[in-house]
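A short worksheet on the structure shown next.
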Amino acid sequence: MKAEDIQPWLFRVEPYEGESLSHFLGRFRRANELTPTGLSKAARLGGAVARWEKFRFNPPPSRQQLEALAIMVGVEADRLEQMLPPAGVGMKMEPIRLCAACYAESPCHKIEWQLKDMQGCKQHQLRLLSGYPNCGARFKVPALWVDGWCQRCFTPFVEMTTKQKLFYS
């Protein structure tokens with residue numbers, strides 16, 4: 001048997017409902033101790049994973065790229081496509097935004113929070129946060145959200161709900 005005949009063994013990571021591709025890729029990479037470059041190379045995607053983790057979807061992932069990624073992560077290409085912003089809908093790469101109340105229910109970054117027209121959470125009627133209320137630092141890209149708290153002031157995301165203001169749409 002040759003080395004190239006050996007298939008990699010990877011831990012499966014199930015996506016959350018509404019989860020952004022950035023957050024999912026970060027969770028998958030950590031579970032499998034991969035770097036963005038390592039995952040890109042394994043899936044033969046060039047440097048795409050690092051770009052996608054930063055919400056750089058210009059050009060958007062092709063169907064072929066999503067299918068290659070799907071094989072590596074064990075998630076259907078159609079499901080990965082749902083983690084992207086809808087076609088033709090404007091998206092903000094920065095600042096990264098969060099509804100702490102949503103995060104308390106499902107610990108993931110939602111792609112809808114990055115849509116340009118989204119200023120508040122429709123479910124909780126709260127304004128989205130764009131940084132940590134206690135220390136003022138901006139949120140890192142969701143792929144780097146390891147423990148669900150600020151790396152500077154250690155405030156957990158779920159405790160930030162009390163700092164969110166009501167949003168009237």
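The values are calculated or read from the model by the stated rules, or taken from the named source; none is laboratory data. What you see is a predicted model; the values in this text were computed from it and never measured. Positions of Cβ are generated from backbone atoms using ideal geometry, with glycine treated the same way; all protein chains shown enter the neighbour counts.
More than 16 Å from Ala143 (Cα to Cα) and outside any helix (DSSP H, G or I): which single residue out of Ala87, Ala70, Ala104 fits that description? Checking each option against the conditions leaves just Ala87. Could you say whether any residue in region 88-98 is without any contact (Cβ under 8 Å) to a residue 12 or more places away in the chain, farther than 22 Å from Gln164 by Cβ and not assigned by TED's automatic domain parsing to the domain that holds Ser20? Yes: region 88-98 contains one or more residues that are without any contact (Cβ under 8 Å) to a residue 12 or more places away in the chain, farther than 22 Å from Gln164 by Cβ and not assigned by TED's automatic domain parsing to the domain that holds Ser20.
When you check Phe154 against the structure, is it aromatic (Phe, Trp, Tyr) and exposed (fewer than 14 other Cβ atoms within 10 Å of the Cβ), yes or no?
Considered against the rule, which asks whether it is aromatic (Phe, Trp, Tyr) and exposed (fewer than 14 other Cβ atoms within 10 Å of the Cβ), Phe154 comes out as yes.
You will find that of Arg51, Arg12, the residue that is within 28 Å of Glu105 (Cβ to Cβ) and charged (D, E, K, R) is Arg12 and no other.
Report whether or not Ala104 is loosely packed, with under 15 Cβ neighbours inside 10 Å and among the small types (Gly, Ala, Ser). Full working, then the answer.
Values: loosely packed, with under 15 Cβ neighbours inside 10 Å: no; among the small types (Gly, Ala, Ser): yes.
So Ala104 fails the test.
Among the residues of this structure, Asn58 counts as one that is surrounded by fewer than 17 Cβ atoms within 10 Å (Cβ to Cβ), among the polar types (S, T, N, Q) and over 28 Å from Pro133 (Cβ atoms). Just wondering, is there one or more residues in region 63-82 that are free of Cβ contacts under 8 Å to residues at least 40 places away in the same chain, among the polar types (S, T, N, Q), surrounded by 19 or more Cβ atoms within 10 Å (Cβ to Cβ) and closer than 15 Å to Leu25 by Cβ? Yes: region 63-82 contains one or more residues that are free of Cβ contacts under 8 Å to residues at least 40 places away in the same chain, among the polar types (S, T, N, Q), surrounded by 19 or more Cβ atoms within 10 Å (Cβ to Cβ) and closer than 15 Å to Leu25 by Cβ.
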